[in-house]
Amino acid sequence: MKKDVIVIIGAGGIGIAIARRQGVGKTVLLADYSEKTLQAAAQDLRGASYTVETQLVDVSDRASVAKLAAHAASLGAVVQVVNTAGVSPNMAPVDRILAVDLYGSAVVFDEFERVIAPGGSGLLISSMAGHMMPALPPEQDQALAHTPTEELLKLPMLQADKIPNTLVAYMLSKRANILRVQASAMTWGARGARVNCISPGIIVTPLARHELESEIGHIYQAMVEASPSKRMAPPDEIATAASFLLGPDAGFITGSDLLIDGGVIAAMRAGKLPTPG
Ligand SMILES: NC(=O)c1ccc[n+]([C@@H]2O[C@H](COP(=O)([O-])OP(=O)(O)OC[C@H]3O[C@@H](n4cnc5c(N)ncnc54)[C@H](O)[C@@H]3O)[C@@H](O)[C@H]2O)c1
């Protein structure tokens with residue numbers, strides 16, 4: 001008998017922590033843009049007795065994501081899909097951030113909605129960055145939530161002259177993630193499936209280390225110091241929440257976003273930190 005399948009897109013720090021927590025007894029289909037990251041993560045998981053399949057994917061390429069969804073469905077019932085693929089403000093230019101973090105996340109929802117099993121659930125890792133910027137006008141929220149995916153990157157608000165830097169591109173992408181999750185709750189719900197997102201704060205992974213060691217590392221340090229928790233978190237703390245949201249105890253939760261940031265956004269709203277942008 002075929003095992004149930006969990007698809008983990010993005011074999012980085014957060015993706016692997018969720019795979020370890022959720023993958024026991026299932027086939028873990030691990031996918032990433034980087035062959036090296038993918039094979040190293042798969043070897044680690046197999047060494048710990050997980051059943052792992054791998055596939056290269058670029059979430060910004062619809063054909064590549066469609067191929068991944070078809071492969072997942074061929075392995076067994078696709079009960080959980082987790083998208084952790086992302087690039088941070090210091091890793092890529094504006095157009096790549098929009099292509100991977102904003103458009104790519106929407107593509108994953110579209111393609112996996114076709115194969116998710118009834119009763120299944122999806123999870124997107126967004127970011128506290130999506131909560132940082134001031135509220136957008138309602139028509140922009142509406143556009144980010146409901147514009148057909150292939151039209152998204154043509155929205156006037158996402159054109160180069162409207163986005164001054166990569167941080168704004170990242171914040172807008174992550175805001176769009178939260179809005180898209182809410183919109184996708186309706187279409188995934190029609191298949192008897194749920195979808196939610198988590199907005200993490202500073203989680204110590206390769207991505208966060210890249211930011212901390214960059215020229216804006218001091219901004220991240222200031223966030224930690226101003227926050228009520230006064231610390232960063234290991235990826236396992238995201239995996240714990242992911243496990244709840246993906247599992248049966250969260251059966252009434254869909255279209256929701258869980259902010260897990262040690263209180264950085266609370267500190268920002270309290271005026272202890274400047275609002276970036
Ligand atoms: N670590 C943090 O502090 C933090 C905070 C907030 C949000 N996040 C978000 O969490 C998610 C996971 O981050 P992480 O910390 O695990 O980072 P990570 O860099 O460890 O993992 C991200 C993975 O995504 C892969 N990837 C990048 N572009 C891709 C593409 N086009 N297609 C497929 N895979 C691609 C990378 O190769 C990498 O393995 C990201 O979306 C990130 O924005 C992270």
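The values are calculated or read from the model by the stated rules, or taken from the named source; none is laboratory data. For clarity, every value in this text was computed on a predicted model and none was experimentally measured. Ideal geometry is used to build each Cβ from the backbone, glycine not excepted, and the neighbour counts take in all protein chains shown.
Quickly run through segment 84-97 and pick out the residues that are within 10 Å of the ligand (Cβ to nearest atom) and not in a loop (DSSP other than H, G, I, E, B). Within segment 84-97, R96, I97 qualify.
If the condition is being crowded, with 16+ Cβ neighbours inside 10 Å and either within 16 Å of the ligand (Cβ to nearest atom) or without any contact (Cβ under 8 Å) to a residue 12 or more places away in the chain (or both), then segment 155-166 contributes only T166. Across segment 98-105, not a single residue is classified as assigned to a loop (DSSP other than H, G, I, E, B), surrounded by 24 or more Cβ atoms within 10 Å (Cβ to Cβ) and within 8 Å of the ligand (Cβ to nearest atom). Is it fair to say A169 is touching a residue at least 60 places away in the same chain (Cβ under 8 Å) and either within 23 Å of T275 (Cα to Cα) or surrounded by 16 or more Cβ atoms within 10 Å (Cβ to Cβ) (or both)? Yes, satisfied. Looking at segment 107-123 only, could you name the residues that are under 29 Å from A266 (Cα atoms) and either touching an Asp or Glu at 6+ places or on another chain (Cβ under 9 Å) or surrounded by fewer than 22 Cβ atoms within 10 Å (Cβ to Cβ) (or both)? G122, the sole residue that qualifies.
If the Cβ limit is 8 Å and pairs must be 6+ apart or interchain, which residue in segment 16-38 that is hydroxyl-bearing (S, T, Y) pairs with which residue that is more than 11 Å from the ligand (Cβ to nearest atom) and not in a strand (DSSP E or B)? Filtered contacts from segment 16-38: T27/K2; T27/K3; T27/D4; T27/L75; T27/G76.
Looking across segment 37-79, just one residue is within 16 Å of the ligand (Cβ to nearest atom), assigned to a loop (DSSP other than H, G, I, E, B) and among the polar types (S, T, N, Q), and that is S60. Taking the stated definitions as given, is F244 free of Cβ contacts under 8 Å to residues at least 60 places away in the same chain, closer than 24 Å to N83 by Cα and in a helix (DSSP H, G or I)? When the stated conditions are applied, F244 passes them.
Residues that are in contact (Cβ under 8 Å) with a residue 12 or more places away in the chain, assigned to a helix (DSSP H, G or I), out of contact with any Phe, Trp or Tyr (no Cβ under 7 Å at 6 or more places or on another chain) and within 12 Å of the ligand (Cβ to nearest atom) within segment 195-235 comprise P206, L207, A208, H210, Y220, M223, V224, P235, listed in sequence order.
If I filter segment 106-135 down to residues being within 13 Å of the chain's Cα centre (by Cα) and aliphatic (A, V, I, L, M), which single residue comes out as farthest from the ligand (Cβ to nearest atom)? It would help to see each step written out before you state the result.
Step one: of segment 106-135, the residues within 13 Å of the chain's Cα centre (by Cα) are 106-109, 122-130.
Keeping just the survivors that are aliphatic (A, V, I, L, M) gives 106-108, 123-125, 128-129.
Working: A106: 13, V107: 10, V108: 9, L123: 11, L124: 8, I125: 4, M128: 6, A129: 7 Å.
Restricting to residues being within 13 Å of the chain's Cα centre (by Cα) and aliphatic (A, V, I, L, M), the top hit is A106.
Residue count for segment 9-29, restricted to those that are within 10 Å of the ligand (Cβ to nearest atom) and either in a helix (DSSP H, G or I) or aliphatic (A, V, I, L, M) (or both): 8. Whether a residue is more than 11 Å from the ligand (Cβ to nearest atom), at pLDDT 95 or above and surrounded by fewer than 19 Cβ atoms within 10 Å (Cβ to Cβ) was assessed, and G189 passes this test.
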